[in-house]
Amino acid sequence: MRTTLTIDDHLMRELREEAHRTGKSLKKVVNEAIRAGLGQLKNPVPRKPYKCKTYPMWYPPNLNLDKALAIATLLEDDEIARKLSLKK
């Protein structure tokens, strides 16, 4: 079947180089590349699931972690007090 495709310049260059290197026709190289690409689409390579390493979070033992604003206020107050003590 004949059709018209728009192929990126760098891909066309690679296809021509492959045809020249292997001695195959450009048509055959393009069909093999499409066939290989479709095969990968049908049978994708399984990837390992992403795992994020976790670390313990520091917090004062008497602080209720259900209250995020309380944590933020405490940390902000501590930082303000630290900055004020540096200006003495």
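Do we have T73 as β-branched (V, I, T), out of contact with any strand residue (DSSP E or B) (no Cβ under 7 Å at 6 or more places or on another chain) and either part of a loop (DSSP other than H, G, I, E, B) or surrounded by fewer than 10 Cβ atoms within 10 Å (Cβ to Cβ) (or both) here?
No; evaluated as a whole, the condition is false for this residue.
How many of the residues making up region 51-64 are at pLDDT below 85, exposed (fewer than 10 other Cβ atoms within 10 Å of the Cβ) and under 32 Å from the mean Cα position of the chain (by Cα)?
4
Taking the condition at pLDDT below 85, hydrophobic (A, V, I, L, M, F, W, C) and farther than 30 Å from R16 by Cβ, does A81 pass?
No; evaluated as a whole, the condition is false for this residue.
Limited to region 1-26, what total is found for residues that are among the charged types (D, E, K, R) and loosely packed, with under 10 Cβ neighbours inside 10 Å? Outline the logic, then answer.
Keep residues of region 1-26 that are among the charged types (D, E, K, R), which gives 2, 8-9, 13-14, 16-18, 21, 24.
With loosely packed, with under 10 Cβ neighbours inside 10 Å added as a condition, the list becomes 2, 8-9, 21.
The qualifying residues number 4.
The values are calculated or read from the model by the stated rules, or taken from the named source; none is laboratory data. Remember, predicted model here, so these are calculated numbers, not experimental data. With ideal geometry, Cβ positions are generated from the backbone for all residues, glycine too; neighbour counts draw on all protein chains shown.
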